[in-house]
Amino acid sequence: MARVYNFSAGPSMLPESVLNRAADEMLDYEGTGESVMEMSHRSKEYDAIIKGAEALLRELMEIPDNYKVLFLQGGASTQFAAIPMNFMNGSGKADYVVSGQWSNKAAKEAQKYGDVKIVASSKEQNFSCVPAVDKAELRPDADYVYVCLNETVHGNLMRKLPECGNVPLIADISSCFLSEPLDITKFGMVYGGAQKNVAPAGLTICIIREDLLGNARDITPSMLDYALMAENDSLYNTPPCYNIYICKLVLEWIKKLGGLDAMKKRNEAKAKILYDFLDESEMFKGTVVKDDRSLMNVPFVTDSDELNAEFIKACTENGFINIKGHRSVGGMRASIYNAMPIEGVEALVDFMKQFELEHKKAE
Ligand SMILES: *Cc1c(COP(=O)(O)O)cnc(C)c1O
């Protein structure tokens with residue numbers, strides 16, 4: 001069967017060349033006679049894979065030397081707890097910006113560990129925008145400020161970071177990882193689950209400024225202690241070996257395409273095709289204010305639930321899968337991560353135009 005265009009929010013599409021390469025190397029990785037799936041994580045072959053992945057990530061994201069790169073498990077959601085356990089260790093206060101479902105969940109989890117203040121929220125706007133952060137709301141003695149750069153469910157992207165002075169800024173970048181250049185020096189930590197833009201589900205990458213490490217609470221499980229993971233170069237226990245290997249192949253693919261500047265151009269071009277159509281369509285409407293629109297996750301609706309359902313069904317039948325919106329918000333959502341080719345977005349927009357035209361005729 002022909003491959004479909006998969007608009008899933010995650011796990012999501014991987015570049016076809018990466019999948020082909022992995023298939024070619026499945027039974028015999030570089031003449032070792034074994035699959036990467038079967039390889040010892042302490043072998044010299046595997047050492048080259050994990051070190052190679054880190055080096056490429058550092059190069060592409062321009063990660064300064066005073067930041068550690070950790071390859072962990074547990075998904076982004078585990079970090080919702082690990083972050084307060086590792087960093088809410090001075091005043092016991094942390095300031096959270098709530099711009100959608102994921103930052104909301106992170107704030108809720110952190111409340112178990114200390115004094116969490118929601119310094120800005122766009123909940124009343126149904127997260128159709130990123131809330132403005134009033135500097136006066138931020139507490140100078142907070143242990144950190146927390147944001148989610150790209151809200152995957154609601155489809156907004158934070159383009160302006162809160163001004164938090166000396167308080168470290170921590171960002172969930174799960175759904176915009178490697179989608180465009182990011183100035184790491186503005187952050188104490190950025191992290192994300194890999195299954196949106198980097199690798200299959202099961203790998204979580206954390207990039208943490210060194211001076212913030214080493215103050216985890218005593219009760220912190222060893223597996224969630226970032227300092228311990230860093231001391232052991234992510235090999236404290238068995239890391240998600242195969243996912244790190246796929247991550248390396250994805251990074252090689254990005255490098256070949258020209259790095260993150262090229263990725264950004266490509267992603268802007270793709271998003272523009274879809275947003276331009278949503279702006280002109282009479283049937284389909286985007287749900288996020290223009291300035292805050294995500295390049296990765298594009299939610300949209302028609303004015304009826306029946307029509308939404310009919311459209312989603314028609315999409316599935318025509319090879320555009322996982323276009324249904326998140327169960328908490330309904331409607332549709334097209335996730336157009338790095339691996340989605342421009343042809344996929346063009347084909348979707350053509351299909352939407354056709355669908356709209358046919359319904360106009362029927363009226
Ligand atoms: C998907 C996602 C998560 C949750 O990731 P898991 O790996 O499933 O825990 C958290 N934050 C954002 C922004 C996401 O897109």
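The values are calculated or read from the model by the stated rules, or taken from the named source; none is laboratory data. What you are looking at is a predicted structure, and each value in this text was computed from that prediction instead of being measured. Neighbour counts are summed over all protein chains in view; Cβ atoms, including those assigned to glycine, are modelled from backbone coordinates with ideal geometry.
Numbers for the structure displayed
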item: Sole exception among (1) touching a helix residue (DSSP H, G or I) at 6+ places or on another chain (Cβ under 9 Å); (2) not in a loop (DSSP other than H, G, I, E, B) for Ala136, by number; result: (1)
item: Flag if Gly90 is free of Cβ contacts under 8 Å to residues at least 12 places away in the same chain, away from the ligand (no atom under 16 Å from the Cβ) and either in a loop (DSSP other than H, G, I, E, B) or not assigned by TED's automatic domain parsing to the domain that holds Val130 (or both); result: no
item: Inter-residue pairs, beta-carbon under 6 Å, first more than 19 Å from Arg327 (Cβ to Cβ) and in segment 101-119, second among the acidic types (Asp, Glu), 6+ apart; result: Lys117/Asp95; Val119/Asp95; Val119/Glu137
item: Qualifying position, being more than 16 Å from the ligand (Cβ to nearest atom), surrounded by fewer than 18 Cβ atoms within 10 Å (Cβ to Cβ) and modelled with pLDDT of 95 or more, among Ala136, Ala120, Ala142; result: Ala136
item: Residues of segment 30-71 satisfying the condition of being surrounded by fewer than 17 Cβ atoms within 10 Å (Cβ to Cβ), out of contact with any Lys or Arg (no Cβ under 7 Å at 6 or more places or on another chain) and touching a residue at least 40 places away in the same chain (Cβ under 8 Å); result: Met37, His41, Arg42, Glu59, Glu62, Pro64
item: Wholly within segment 221-333, helices (runs of 4 or more DSSP H) carrying at least 2 residues that are at pLDDT 95 or above, crowded, with 21+ Cβ neighbours inside 10 Å and not assigned by TED's automatic domain parsing to the domain that holds Val349; result: 226-231, 241-257
item: Those residues of segment 322-332 which are within 16 Å of Val4 (Cα to Cα) and touching a residue at least 24 places away in the same chain (Cβ under 8 Å), in sequence order; result: Asn322, Ile323
item: Some residue of segment 21-39 being among the basic types (Lys, Arg) and part of a helix (DSSP H, G or I); result: yes
item: Residue within segment 69-82 that is in the same structural domain as Cys176 (by TED's automatic domain parsing) and over 20 Å from the mean Cα position of the chain (by Cα) present; result: no
item: Identity of the residue in segment 145-169, of a type in the set (Val, Ile, Thr) and surrounded by fewer than 24 Cβ atoms within 10 Å (Cβ to Cβ), that ends up nearest to the ligand (Cβ to nearest atom); result: Val153
item: Asn104 under 18 Å from the mean Cα position of the chain (by Cα) and either surrounded by 15 or more Cβ atoms within 10 Å (Cβ to Cβ) or within 16 Å of the ligand (Cβ to nearest atom) (or both); result: yes
item: Filtered residue count, segment 1-18, keeping only those that are over 17 Å from Leu203 (Cα atoms), of a type outside the set (Gly, Ala, Ser) and not in a loop (DSSP other than H, G, I, E, B); result: 3
item: Residue that is farthest from the ligand (Cβ to nearest atom) [pool: residues in segment 60-76 that are more than 18 Å from Pro239 (Cβ to Cβ) and in a helix (DSSP H, G or I)]; result: Leu60
